[in-house]
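Here's the structure, in C-alpha cells; my notes come after.
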Amino acid sequence: APHRHPNLHQIFVLLGGQAQIRIDGTNQTPALPFVLSVPRGAVHSFTFAQGTEGFVLTLPVTEFPAAFGEASALRTRLSAWGTAPLSEEVRDAVLAISAEHHGEARDRAVMLHARAMQLLCHVARGLPDTVAPTSIDKHMERFDAEIRSHLRDHWTLKDYSAALMITPTHLNRITRQSVGLSAARYIEARLFHEACRLLAYTRMGVAE
C-alpha cells in the first residue's frame, strides 16, 4: 500500500519476476532486472508478481552524511527517485552486503556501512542527473542537523524554529511538504529512531 519513510532511503534491486511501482503519482513497470532508488519522504507502493526476487536495502539518512549530507557529491542524484538497468557493479555490491549481513565476521557493522556506501556510489552513477536541491531540502537538512545536536536537550518546536530563523508555522509547512509529518511529529520520530538505535547497538535498557 502507499506509504512513505521520513528518515529512510531505500534501494530496491529486483532480479527476476515483475513489479509495478507507483511513486509520487507516477506508475512504471520497468523491465527486470533493475535498481530503484527511493528517497525519504517519497510516497511509494508496489505490486509484485508471484515469484519476484530481489533485495531491499533500507538506510537511515542521518547515518550516511557522505551520501545524503549537504556536502555530498551524491546528494543531488539520490534526492529524487529513479530507476536504472541493473549493472554488474550494483549486483555484486548488493550480493556482498547480503553475504556480510548473514555472516558473523569481525567488524561486521563497519564493513556493512562501507559496502552500503559502495552500493550508493554505484547506484548514483547509474541514475540520471536531477535538479539542484530546493530551499525546502536545505531547510530540512538544517533541521536534521539541529535535531542531531539537541536530541537530548528537550528542545521544543519553538527552539528549533528560532535556531533556523523561521516561524513554527513555516517549519511545519516545510516538514509536511518534505516528509508528510508535522514538525513536532518529525521530532518525535527522530527521538524514537534514536531510542531504537540505542537499544539495538548499546547495552542501554528501555528505561534508560
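Hey, can you find the accessible area per residue of the chain for me, probe 1.4 Å, expressed in square angstrom? Mind dumping the intermediate values first?
Numbers: 11830 Å² over 208 residues.
On a per-residue basis, 57 Å².
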Mean Cβ neighbour count within 10 Å, used as a protection proxy, ranking 113-122, 82-91, 17-26 highest first: 113-122, 82-91, 17-26
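Using 0.36 nm per residue, how much length does the chain from ARG142 to LEU8 gain when fully extended, once their Cα-Cα distance is taken away? Show your work: numbers first, answer last.
Working: separation 134, 0.36 × 134 = 48.24 nm, distance 1.68 nm.
Length gained between ARG142 and LEU8: 46.6 nm.
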The chain, relative contact order [Cα under 8 Å, separation at least 6], %: 18 percent
Relative compactness, the chain, computed as alpha-carbon Rg over 2.2 N^0.38 Å: 1.08
Solvent-accessible area, 1.4 Å probe, carbon plus sulfur percent, for the chain: 54 percent
Computed label-point distance, nm, for sites ALA99 and PHE48 using a 7 Å Cα→Cβ extension: 2.3 nm
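When only the heavy atoms of the protein chains count and the probe is 1.4 Å, how do LYS158, LYS138 rank by accessible area, highest first? Could you put the intermediate results ahead of the total?
Values: LYS158 155, LYS138 100 Å².
Reading off the accessible areas and sorting them downward yields LYS158, LYS138.
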Overall form of segment 146-203 per C-alpha gyration tensor (a/c, 1.5; a/b vs b/c): oblate
Principal-axis tilt of helix 168-179 within the chain, Cα atoms, nearest 10 degrees: 10 degrees
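Take the alpha carbon gyration tensor of segment 1-101, find the square roots of its eigenvalues, order them as a ≥ b ≥ c, and report rounded if a/c is under 1.5; if not, report prolate when a/b exceeds b/c, else oblate.
Oblate, since a/c reaches 1.5 and b/c is not below a/b.
By accessible area of protein heavy atoms, probe 1.4 Å, what ranking do LEU78, LEU191 get, highest first?
Numbers: LEU78 5, LEU191 80 Å².
Reading off the accessible areas and sorting them downward yields LEU191, LEU78.
Please give the length that would be gained between HIS150 and THR58 if that part of the chain were fully extended, namely 0.36 nm times their separation in residues minus their C-alpha to C-alpha distance (nm, one decimal).
Working: separation 92, 0.36 × 92 = 33.12 nm, distance 2.49 nm.
Length difference between fully extended and current span is 30.6 nm.
The values are calculated or read from the model by the stated rules, or taken from the named source; none is laboratory data. Everything numeric here is computed off the predicted structure, so don't read it as measured data. Cβ coordinates were reconstructed from backbone atoms using ideal geometry, including for glycine residues, and neighbour counts include every protein chain displayed. Heavy atoms of the whole protein, side chains included, go into the accessibility calculation; ligands, DNA and RNA do not. Shrake-Rupley method; radii C 1.70, N 1.55, O 1.52, S 1.80 Å.
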